[in-house]
Each structure stands twice: as C-alpha cells, then as structure tokens.
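Computed from the coordinates by the stated procedures, all read-outs in this text should not be read as laboratory data. Computed from a prediction, not measured in an experiment: that's the story for all the values here. Here the Cβ positions follow ideal geometry from the backbone for every residue, glycine too, while neighbour counts run over all protein chains shown.
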Amino acid sequence: MGKKDRYLVGLDIGSAKTCALVGEIEDEGGVKFAALGAAESKGWRKGQIVNLDLAVSSIRRAVEEAENIVGVPVESALIGIAGGHVRGVNSRGGIVLGQRPRDIGRDDVRRAVEAAKNVSLPEDREVLHVLPQEFFVDAQDNIRDPIGMVGQKLEANVHIVTSSAAATQNVVTAVNKAGVIVSDTVLEPLASAESCLTQDERELGCCLLDIGAGTTELIVYSGGVVRHSAAVPIGGDHFTNDLAVGLRTPIPEAESIKREHAWAWHEMMLQDTPIEIASVGDRPPRTVFARNLCEICEARANELLTMVRDDLRRAGFHSQIPAGLVFTGGGARLRGLAEFAEKLFKLPVRVASPRGLTDITEGVSQPEYSAAVGLVLYGARARKLAAQRSSGWTEKLKSIFAGN
C-alpha cells in the first residue's frame with residue numbers, strides 16, 4: 001500500500017462548519033486519527049448550497065489545513081449528504097431461482113436486491129443507498145445471509161435512501177472545484193451511526209438523531225439493520241436565532257450565550273443567575289436571567305422533539321426502539337436536551353461522541369465530529385469488504401486453474 005493509499009478522508013460539509021478529517025489505515029487493519037482541518041461554512045443553508053463559490057472556498061480551507069498537518073495532498077474523499085431533501089423508503093422485491101431448488105450465490109443476492117430497489121422515483125430524485133434488511137428463501141423468513149442456502153425463490157427487504165439529484169450534484173461539484181475527487185457519497189446519519197452506535201443498540205432497536213446546525217437527521221436501527229431514515233427542518237441554528245430575536249442581541253452573542261448558559265429544560269436549570277448580554281447597535285449591555293434563555297430554548301426543543309416523535313409514529317417505529325435515542329452532532333451539546341427527551345419519549349437517551357479511531361484527540365472526540373469520524377470508518381469498512389471479495393474471487397480462480 002502506497003503512502004497516499006494509507007489515508008482516508010471524510011468531508012463533513014455542514015451549514016455551520018466544514019471538516020476534513022484524515023484517518024490512516026494501520027498495518028493490523030485499524031484506523032488511526034491523523035488530522036482534522038476545519039473552516040466556517042459559507043454559502044450553505046439547511047444542508048444545501050446557496051452560493052457555490054463561497055462553499056468551494058470553505059472546503060478548500062478545511063482541506064488545506066488537513067494537508068498541512070499530514071504532509072500529503074488530499075486527492076479524494078468520502079462526502080456526507082444531509083438536509084431536508086433526503087428521504088428514506090422501505091421496499092420489497094425478489095427473483096425466481098428456477099423450477100427446482102438450487103444453491104443461492106452472490107449474484108442471486110445482487111439480483112434480488114436490484115429487484116427490491118426497482119421503485120419508481122421522480123425525475124429529480126436519485127438513489128443514495130440501498131441497504132438490505134433481510135431475505136426470504138421460499139417459506140423461510142428473516143434470513144441475514146442467504147448465500148449457500150437452497151431454494152426456488154429469493155426475496156429481499158431493503159431500505160432505499162434517496163436525495164435531490166440537484167442538491168447532491170451541487171455538493172459533488174463544490175468538492176471537485178476545491179480540487180478533491182469524490183470517492184463516495186454517504187448519508188450523514190449513517191456515517192454518524194458508524195462512529196456512535198453499539199452493536200447492542202442496533203440489534204435491540206434505537207434511533208440516532210444527528211442534530212446539525214440547519215437540520216436534524218434521524219436514522220432507526222432494529223435487528224441490526226436500518227429500518228427508517230428522515231430529516232427534520234430544525235437544528236442548532238434555530239435555537240441561536242430564537243435567542244438573538246428574543247433577547248435582541250447579535251447572532252454571534254446569541255451563539256455564545258447558548259453554549260455557556262442556555263438550558264433546554266427548566267427542570268434541569270440549577271439557579272436563575274443574571275447574565276449580561278450585548279445589545280444590538282451602540283446600545284449599552286443589558287442583564288437578563290437564565291430563566292429567560294430557558295423559556296426560549298425549551299419552546300424550540302419541544303418543537304424539535306415533537307416533530308421527531310411524530311415522524312417515528314407515522315413510520316410505525318415509536319414503539320420499536322427499546323434501546324432509546326442517541327443524540328450526536330453539535331446541537332446535541334445543548335444542556336438539558338437529552339433529559340427533556342427522556343421525559344417526552346419515556347425512553348433512555350444518551351449523548352454520543354465518536355469512537356473507533358485510535359489516537360483520537362479529546363478535541364475531536366466531540367459530538368460535532370461524529371459524522372466526519374464516521375465517514376472515515378465507513379470508508380475503511382467498505383475498503384476491507386472490497387478486499388475480501390476480490391481475494392475470494394482470486395482463491396476461486398486459483399482452485400479452478402488448479403483443477404484444470
């Protein structure tokens with residue numbers, strides 16, 4: 001493996017920040033944290049590009065910072081896709097294997113999954129992921145891996161993630177214009193799940209909420225596979241804007257106040273302390289109390305969590321997540337939000353930081369970097385699977401030629 005091939009880069013391009021995280025593949029197969037480049041995102045709104053040149057500039061700054069640390073040019077990267085334009089749908093399809101039962105091969109599984117994903121989509125939509133859930137061989141159901149089994153009919157349940165073709169292409173264009181080739185596009189909560197969820201949570205059933213600046217993406221796992229994905233049009237910036245308007249203070253000041261003093265639930269607030277805040281224009285600073293901040297943030301938190309609960313109920317998964325909810329993303333750091341969600345959902349809730357990379361620094365092991373870390377882990381796992389498949393074919397060819 002050449003020096004360049006040892007590195008994997010995840011590009012998390014959000015509404016607030018753009019991160020280029022570099023991981024180095026180790027000889028024993030693990031992935032080591034190598035560098036993080038970050039820049040303020042400009043030209044973005046709610047997960048979509050509104051100014052291409054500004055977006056390209058942000059990506060370039062983040063990539064150059066990472067390059068300077070590792071001393072290797074970033075040529076390709078996995079990019080995260082998120083925003084209100086992302087949709088998930090479950091589908092089922094299958095194939096007939098023949099008039100008599102026979103062994104099921106990898107190609108049969110691929111054709112069954114292709115049949116299951118054959119749903120009609122509007123012209124402006126494109127398929128981002130096809131995630132197999134379970135297979136059915138004749139009368140036997142809930143099969144994880146049907147390869148090697150015998151049957152006449154093979155069916156598959158899949159979860160299809162679609163996105164706006166234009167929105168996704170704009171992200172790819174921005175990354176290309178910044179001098180980076182897109183090696184893969186990955187749904188951001190899928191990447192965050194890679195770095196945040198335990199196998200027990202995936203098996204028992206849980207919902208991961210990736211609370212970004214402009215939107216909140218959610219993904220539901222049960223039985224070890226993805227069952228549902230959606231996006232809610234509320235993120236951390238909405239709390240900041242509410243504080244800016246309600247307290248009549250500049251947005252940078254509102255963001256600072258939110259991080260240092262705000263609570264999302266009044267029952268968690270320990271004391272009603274006075275807080276001095278800047279006014280708009282040349283007006284003198286004013287004093288507000290912690291309860292004023294809490295009233296503003298709690299109303300928005302209630303709206304966000306209610307929208308998530310309603311989405312899960314519509315999809316039929318509100319009673320299928322006994323492992324509870326896992327919060328990540330920068331917005332998950334709002335104090336009291338997890339406890340408020342526990343009260344509302346009557347389920348366990350935890351705030352997750354990314355894991356899975358060796359030598360990760362404390363500064364990077366924070367909820368806002370879960371997607372970036374997850375993109376690198378996703379890329380490493382995909383590369384490992386591809387190597388296993390190719391080595392499998394090599395062994396098969398060797399045995400054929402040895403037999404001849």
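Structure data summary
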{"read-out": "Cβ-placed point charges (K, R +1; D, E -1), dipole of region 236-294 about Cα centre in debye, nearest 20", "value": "140 debye"}
{"read-out": "Cut-off under 5 Å, modelled amide H: who pairs with ARG335 long-range", "value": "ALA264"}
{"read-out": "Contact order normalised by residue count of the chain, Cα under 8 Å, 6+ apart, percent", "value": "17 percent"}
{"read-out": "Cα lying deepest toward the dipole's positive end in the chain, options ALA278, GLN152, ALA167, charges on Cβ", "value": "GLN152"}
{"read-out": "Within straight-line cross-link reach of LYS42, aspartates and glutamates at Cα separation under 20 Å, skipping those fewer than 8 residues along the same chain", "value": "ASP12, ASP53, GLU64, GLU65, GLU188, ASP237, GLU253, GLU255, GLU368"}
{"read-out": "Among GLY212, VAL31, SER120 the positive-end extreme of the charge dipole of the chain (Cβ point charges)", "value": "SER120"}
{"read-out": "Interchain or long-range residues, amide H under 5 Å from LYS153's placed H", "value": "LEU97, ASP138"}
{"read-out": "Whole-Hz ³J(HN,Hα) from phi, Karplus 6.51 cos²θ - 1.76 cosθ + 1.60, for region 177-186, glycine and proline x", "value": "5, 7, x, 10, 7, 8, 7, 6, 10, 10"}
{"read-out": "Rounded Å value of the spacing that divides the Cα centres of region 132-194 and region 253-321", "value": "36 Å"}
{"read-out": "Rounded FRET efficiency, nearest 0.05, which uses the C-beta distance separating GLN152 from ARG309 and R0 of 60 Å", "value": "0.90"}
{"read-out": "Low-density loop positions, GluC sites (Glu not before Pro), region 96-193 - DSSP coil, at most 15 other Cβ in 10 Å", "value": "GLU123"}
{"read-out": "Furthest towards positive pole of dipole, ALA290, GLY94, GLY236, structure part the chain, Cβ charges", "value": "GLY94"}
{"read-out": "Dipole magnitude (debye, nearest 20) for region 87-163, charges at Cβ of Lys, Arg, Asp, Glu", "value": "100 debye"}
{"read-out": "Calculated diffusion of region 324-396, Stokes-Einstein form, Kirkwood radius summed over Cα pairs, 10 °C and 1.306 mPa s, µm²/s", "value": "109 µm²/s"}
{"read-out": "For the chain, the longest site-free run once trypsin sites (Lys or Arg not before Pro) in DSSP loop states with at most 10 other Cβ atoms within 10 Å are removed", "value": "4-345"}
{"read-out": "5 angstrom amide H check on ARG45, placed H, neighbours 5+ away", "value": "VAL50"}
{"read-out": "Degrees separating the helix 251-261 axis from the principal Cα axis of the chain, which is the longest one", "value": "80 degrees"}
{"read-out": "Where the Cα pairs of region 32-147 fall when distances are cut into 10 Å bins, in %", "value": "10, 27, 21, 20, 16, 6, 0"}
{"read-out": "Note, ³J(HN,Hα) from phi for region 109-118, Karplus 6.51, -1.76, 1.60, rounded to Hz, x at Gly and Pro", "value": "4, 4, 5, 5, 5, 4, 5, 5, 8, 7"}
{"read-out": "Cβ-placed point charges (K, R +1; D, E -1), dipole of the chain about Cα centre in debye, nearest 20", "value": "780 debye"}
{"read-out": "Acute angle (nearest 10 degrees) that the helix 290-315 long axis makes with the longest principal axis of the chain, alpha-carbon atoms", "value": "20 degrees"}
{"read-out": "FRET efficiency estimate (nearest 0.05) - Cβ-Cβ, ASN68 to VAL89, R0 56 angstrom", "value": "0.85"}
{"read-out": "Set of aspartates and glutamates near LYS117 by C-alpha distance (under 13 Å), chain-local residues within fewer than 8 positions excluded", "value": "GLU126, GLU155"}
{"read-out": "Value of relative contact order over region 236-294, rounded to a whole percent, pairs C-alpha under 8 Å and six or more apart", "value": "32 percent"}
